[in-house]
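Visitor: First the structure, then my questions, so here it is.
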Amino acid sequence: MTVRDPFDFHAGSLPLLISIPHAGTRLTPAVEAGLTEDAQPLPDTDWHIPQLYEFARAMGASVLVGNYSRFVIDLNRPADDKPLYTTATTGLFPDVLFDGRPSFLPGKAPSDQERAGYLQQIWQPYHQQLQDELVRLKAKHGYALLFDAHSIASVIPRLFDGKLPDLNLGTNGGESCAPALSDRLVACCEQQQQFTHVLNGRFKGGYITRAYGQPHEQQHAIQLELAQVNYMSESYPFAFEPQRAAALQRLLKQMIDSLLSWGGQPR
C-alpha cells in the first residue's frame, strides 16, 4: 500500500502549533471495503475542525492536520495501543464506533500487515512532523505551545453520562502544561456564560497531550474537546453551521490570545 500525503502542514510565525489529528476522511482501500453501513458516514470524525480554527492559522499559528480517517489509524493513540482511559474508549485501530457498534463487517477488518503499514506510513510521519515543529518553535521562541484540537458529539452514553460540557480542557491532570496556562484558559471560559466548560473531566488529554506535554522542557500541551452541537449538525451529513460557529470562534480566539500573551512571562 502506498500512502499519499498523510498530513497537511502549515508552518507559522507564532510559538503555537495547532494539532488536528481526527479531521481526516481519507480511507485506504481495505478500510473502505470493510466498513459497516453504520461506519461508512465516518460518524466519529472531528468534522470541520480545520475550518473552525482557520482564524488561528491566519494569526500565524502552525497547523498540522491528519488526512486519514481515524478508522484507518488513530493518531491520538500510542503506537503500542496501550489504553489511555479505564472507561470505555477506542484504540489505535478502532474496531467499534463510539457508541459501541462495530466499525467493520465480520472478517473484513484490515489485516495485521496492512495495519502495520498504516502505523509506518501514516502515524509515524504525523508524529515526526509534530516533533520537528515543536523543536523548530522552541529553537525560535524559547518555548512551544501545542494545542490539540478535537470535537465529539455532545451525547454518547457509552462514553459519558448525560450531555458533555461544551468545552472540555485536558492537561493530563495538570502535568502537560504550566498551571498558568490552564488557569488562563479556564478564566476565559469563566468570563462568559454561553458555553459550559470543564478542566480535566472525562477528557484529560489523549496520547498527543500526554506524550508531548513536557513543561520542564518548555513544551506545553493542552487538549480541547469541543461538543459539536455548538458549531455543526450532529446528524448526517454533519453540516457546518456558521452562525453557531461564530460565537464559539470568538471564545476560541480569546483563549488562543490568552495563551499567546503568556509567552513573555517567566516560566
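The values are calculated or read from the model by the stated rules, or taken from the named source; none is laboratory data. Here the structure is a predicted model, which means the values were calculated and not measured. Backbone-built Cβ (ideal geometry, glycine too); neighbour counts: all protein chains shown. Ligands, DNA and RNA are stripped out before the accessible areas are found, and what is left, the full protein with its side chains, is counted by its heavy atoms. Shrake-Rupley method; radii C 1.70, N 1.55, O 1.52, S 1.80 Å.
Visitor: Can you list residue pairs whose Cβ atoms sit under 7 Å apart, with the first residue in the range 1-30 being part of a loop (DSSP other than H, G, I, E, B) and the second being at pLDDT below 95? Count only pairs 6 or more apart in sequence or on different chains.
Guide: Correct list of pairs: 15/263; 28/1.
Visitor: Where in the range 169-267 are there helices (runs of 4 or more DSSP H), lying wholly inside it, with at least 3 residues that are touching a Phe, Trp or Tyr at 6+ places or on another chain (Cβ under 9 Å)?
Guide: Correct list: 179-190, 242-261.
Visitor: Tell me whether the range 80-93 contains one or more residues that are modelled with pLDDT of 95 or more and surrounded by fewer than 19 Cβ atoms within 10 Å (Cβ to Cβ).
Guide: Looking through the range 80-93, none of the residues is modelled with pLDDT of 95 or more and surrounded by fewer than 19 Cβ atoms within 10 Å (Cβ to Cβ).
Visitor: Please tell me if residue 184 is surrounded by fewer than 16 Cβ atoms within 10 Å (Cβ to Cβ) and over 16 Å from the mean Cα position of the chain (by Cα).
Guide: No, not satisfied.
Visitor: I need the full set of residues from the range 41-79 which are in contact (Cβ under 8 Å) with a residue 60 or more places away in the chain, farther than 19 Å from residue 100 by Cα and open to solvent by 10 Å² or more (accessible area, probe 1.4 Å), in order please.
Guide: 47, 48, 51, 55, 59, 67, 68, 78
Visitor: Looking at the range 120-152, which of its residues are within 16 Å of residue 176 (Cβ to Cβ), out of contact with any Lys or Arg (no Cβ under 7 Å at 6 or more places or on another chain) and not in a helix (DSSP H, G or I)?
Guide: Selection gives 145, 146, 147, 148, 149, 150.
Visitor: Considering every residue within the range 55-68, establish whether at least one is on the phi > 0 side of the Ramachandran plot, in contact with a strand residue (DSSP E or B) (Cβ under 9 Å, 6 or more places away or on another chain) and outside any helix (DSSP H, G or I).
Guide: Yes, the conditions are met somewhere in the range 55-68.
Visitor: Here is a follow-up. List the number of the failed condition for residue 114; all other conditions in (1) in a helix (DSSP H, G or I); (2) touching a helix residue (DSSP H, G or I) at 6+ places or on another chain (Cβ under 7 Å); (3) open to solvent by less than 40 Å² (accessible area, probe 1.4 Å) hold.
Guide: Unmet for residue 114, out of (1) in a helix (DSSP H, G or I); (2) touching a helix residue (DSSP H, G or I) at 6+ places or on another chain (Cβ under 7 Å); (3) open to solvent by less than 40 Å² (accessible area, probe 1.4 Å): (3).
Visitor: So which residues in the range 111-136 are within 16 Å of the chain's Cα centre (by Cα) and aromatic (Phe, Trp, Tyr)?
Guide: 123, 126
Visitor: Here is a further query. Taking residue 155, is it surrounded by fewer than 19 Cβ atoms within 10 Å (Cβ to Cβ), in a loop (DSSP other than H, G, I, E, B) and not polar (S, T, N, Q)?
Guide: Yes.
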